[in-house]
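Below: the structure, in structure tokens.
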Amino acid sequence: MTTEPAIHRAHNVWAIAEVVREIMKQNASDPETLAHCACASRALSDPALEVLWESQHGLGRVLGLLRSSFRRIPTGQEDFFGNSHHSFVLCDAIKDNEWARMLRYARLIRSFLSGRERMDGLATVALFEKLNGQPLFPNLKHLIWRSSADGSAMLPLLFSPMLSRVSLDLLTDEERFDHQTSAAPVAVDYAYGTALATLHSRAPYVKNIGLFTSGFHCSVDRIVNFHRLDSLKLGPVRDPGPVLELCGSLPHLAHLTLDISKRSGTDPPLPQIPETSLVPLKKLVLSGPPGAVVRFLEAVKAPCLYLLDVRFEAAVDSWKHCLQIIPARFGASLRRVTVGVEDGINDGETCSFHDWFSPLYAIRDLQRVHIDSLFDTSFTIVSQDLEDIASAWPKLRSLGLPHSSEGDVSSAFPITALQSLAAKCPHLRNLILPLPHHAPLVGLTPPPVSTQQTCLEEICIPSGRWPQDVRETCMTYLNSLFPRAETVLLDEEFGDMDDDW
């Protein structure tokens, strides 16, 4: 009697296309596994290929499918950092079978980031003719292009009608450092205008545009033609006035990121910025010289502003003016604030947290407040500051306080001051703070806790360490105050790595 071999059938879950695609997405960072899945069966092949080809960096894999006709050769040139440039050149007629295979995979590409490779003009023309004016990636939704204007002949090939997000940087590394100092438009500024005109003719429904540009009229005026635009990122712009006027003509602009360039000593003063209403604006990210940032905020009327991120150097008077403007103009709608104090105050003095940031206490409904102090500017935080924060912002969900990079510990900021947050901020989930002083806990086992807050998930202390003999007591105290929170002391997590360096 012969025994027939057992037949192993795949589980029924593999017949559900949505489940298979989700499994493939979970392996998006493992191209080797996806390639094996693509060869395993018909059920796995299409979902694996979709994920494998969804995002592409550079043209290497795509033009690699046209191996009989395209070659990647060095140009003999290097960029500012010494990296060699390469160019794709057409070396023979394109074969029909390779072309058909390439088109199949090109349809799967949804996101494209340009590489360092270029394509010469003749090869670009050949592709244009072969495509009959159609885009190379017909389903492309997200395009990030970083190549010089001279090396961007093939850019229109990537303008798919499906595009939603486009970021363009047409500057060479050499141009990037001095472009923002030019008082008049140069060739690349006109190239941005041409690129936007071509983009609008082929993809008029783009919703998100980012340009690395000085913001001259010839560069940005055509943005107004994108009537569905809801997100715009520009910079470093020389004069924010015309940009603000442009934004006022965009009916759906909800998110604006603007970097204002520094002006040299020989430049004329920044012109006055007319007040402009941006009714749909919900998110504003702003950086630049102190005076320019303050003037821009004074000119913006944004009654629906929900999130504000402001960053500039540590100019005391400008910051105090800025922090008075914020609640006066945006306090009714603002829920999230990020403040970045950059560079250092020249005299090296320590600043009072209360003196700088107490005007923000007037915004009672804030849910997220992060205050970053970069480089050498340090702020003194005391117990009363925690009490004021907890009383002013009871709806806080995330709080980040400035800390010293040296990990200095002040007795004016004792660990017991955190009881105010535990008692008055029941929704707080994330907390970043300087290392609080351990003195109140010395000799106390277990440390006393009057209130517990069970919503906090993480406490991050970026710098500093408690003495070894009180470390466990401090950790126990934090765990008693915030029993669900994980406490991360970065100096302990990465201290050994620093020692190795």
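The values are calculated or read from the model by the stated rules, or taken from the named source; none is laboratory data. Treat the numbers as computed from the prediction; the structure is a model and nothing was measured. Cβ atoms come from the backbone with ideal geometry, glycine included; neighbour counts cover every protein chain shown. What goes into the accessible areas is simple: the full protein's heavy atoms, side chains included, and nothing from ligands, DNA or RNA. Shrake-Rupley method; radii C 1.70, N 1.55, O 1.52, S 1.80 Å.
Fully extending the segment from Asp317 to Asn139 would add 59.0 nm, taking 0.36 nm per residue of separation and subtracting the current Cα-Cα distance.
When the listed pairs Lys233/Lys283; Lys95/Lys130; Lys262/Lys283; Lys207/Lys282 are checked against a 18 Å cut-off, the alpha-carbon distance exceeds it for Lys262/Lys283. Projected onto the charge dipole of segment 277-409 (+1 at Lys/Arg Cβ, -1 at Asp/Glu Cβ, origin at the Cα centre), which of Tyr306, His321, Phe353 gives the Cα projection farthest towards the positive end? In segment 277-409, that residue is Tyr306.
Using the average count of surrounding beta-carbon atoms within 10 Å as a protection proxy, the listed peptides 416-428, 220-232, 61-73 rank, highest first, as 416-428, 220-232, 61-73. The angle separating the long axis of helix 383-392 from the principal Cα axis of greatest extent in the chain is about 60 degrees. Relative to the longest principal axis of the Cα atoms of the chain, helix 121-131 runs at roughly 80 degrees. Taking amide H as placed 1.01 Å from N in the peptide plane, the amide H of Thr380 sits under 5 Å from that of Cys351, Ser352, Phe353, each at least 5 places away or on another chain. Give the angle, between 0 and 90 degrees and rounded to the nearest 10, that separates the Cα long axis of helix 290-299 from the longest principal axis of the Cα atoms of the chain. Here the helix axis deviates by roughly 80 degrees.
Averaging the sequence gap over all C-alpha pairs within less than 8 Å and six or more residues apart, then dividing by the number of residues, gives the chain a relative contact order of 6 percent. Computed over protein heavy atoms with a 1.4 angstrom probe, the accessible surface ordering of Thr487, Thr377, largest first, is Thr487, Thr377. The simple Förster model, with R0 at 25 Å and r as the Cβ-Cβ distance, assigns Asp469 and Ser352 a FRET efficiency of 0.20. With all protein chains kept in place, the per residue accessible area of segment 146-302 amounts to 42 square angstrom at a probe of 1.4 angstrom.
If the only charges are +1 at each Lys and Arg Cβ and -1 at each Asp and Glu Cβ, what is the size of the charge dipole of the chain around the Cα centre, to the nearest 20 debye?
2620
Overall, the anisotropy analysis places segment 103-158 in the oblate class: the square-rooted eigenvalues a ≥ b ≥ c of its C-alpha gyration tensor yield a/c not less than 1.5, with a/b not exceeding b/c.
Straight-line cross-link reach from Lys25 at under 18 Å between alpha-carbon atoms covers these lysines, not counting any fewer than eight positions away in the same chain: Lys141. Summing +1 for each Lys or Arg and -1 for each Asp or Glu among the other residues whose beta-carbon sits under 11 angstrom from that of Pro303 gives +3.
Between Trp99 and Arg484, residue separation times 0.36 nm minus the direct Cα-Cα distance comes to 132.9 nm.
State the three equivalent ellipsoid semi-axes of segment 128-284, derived from the C-alpha gyration tensor as the square roots of 5 times its eigenvalues, in descending order and whole Å. List each step's numbers first, then the result.
Values: eigenvalues 145, 82, 25 Å².
Rounded to whole Å, the semi-axes are 27, 20, 11.
Given segment 60-138, what percent of its DSSP beta bridges are antiparallel, to the nearest 5? Taking every DSSP beta bridge within segment 60-138, about 75 percent pair in antiparallel fashion. Across all directions, the average projected area of the convex hull around the alpha carbons of segment 30-166 is 9.2 nm². Ordered from largest to smallest accessible area (heavy atoms of protein chains, 1.4 Å probe), the residues Asp189, Asp469, Asp169, Asp491 come out as Asp469, Asp491, Asp169, Asp189. Note on the chain: helix-only mean residue ellipticity at 222 nm, from DSSP H runs of 4+ residues weighted -39500 (n - 2.57) and normalised by residue number, equals -9500 deg cm²/dmol.
Suppose we keep just the DSSP beta bridges with both residues in the chain; what percent of those would be antiparallel, to 5? Approximately 10 percent, going by the DSSP bridge assignments.
In this rough spin-label picture, where each label sits 7 Å from Cα along the Cβ direction, the Tyr190-Asn132 distance is 3.5 nm. By the Cα gyration tensor, the chain has an equivalent ellipsoid whose semi-axes, rounded to whole angstrom, run 47, 35, 22 from largest to smallest.
Measure off, as a whole percent, the carbon and sulfur share of the 1.4 Å-probe accessible area of segment 70-190, all protein chains present.
Carbon with sulfur: 51 percent of the solvent-accessible area.
The Kirkwood hydrodynamic radius of segment 21-94, based on inverse pair distances between different Cα atoms, is 14.6 Å. Between Asp343 and Thr198, what's the calculated FRET efficiency when r is the beta-carbon distance and R0 is 45 Å? Round to 0.05. Computed FRET efficiency for Asp343 and Thr198 comes out at 0.70.
Expressed in units of 2.2 N^0.38 Å, where N is the residue count, the Cα radius of gyration of segment 185-255 is 1.00.
With no solvent and one point on each alpha carbon, what is the Debye value of log10 I(q)/I(0) for segment 249-333 at q = 0.21 Å⁻¹? For segment 249-333 at q = 0.21 Å⁻¹, log10 I(q)/I(0) is -1.05.
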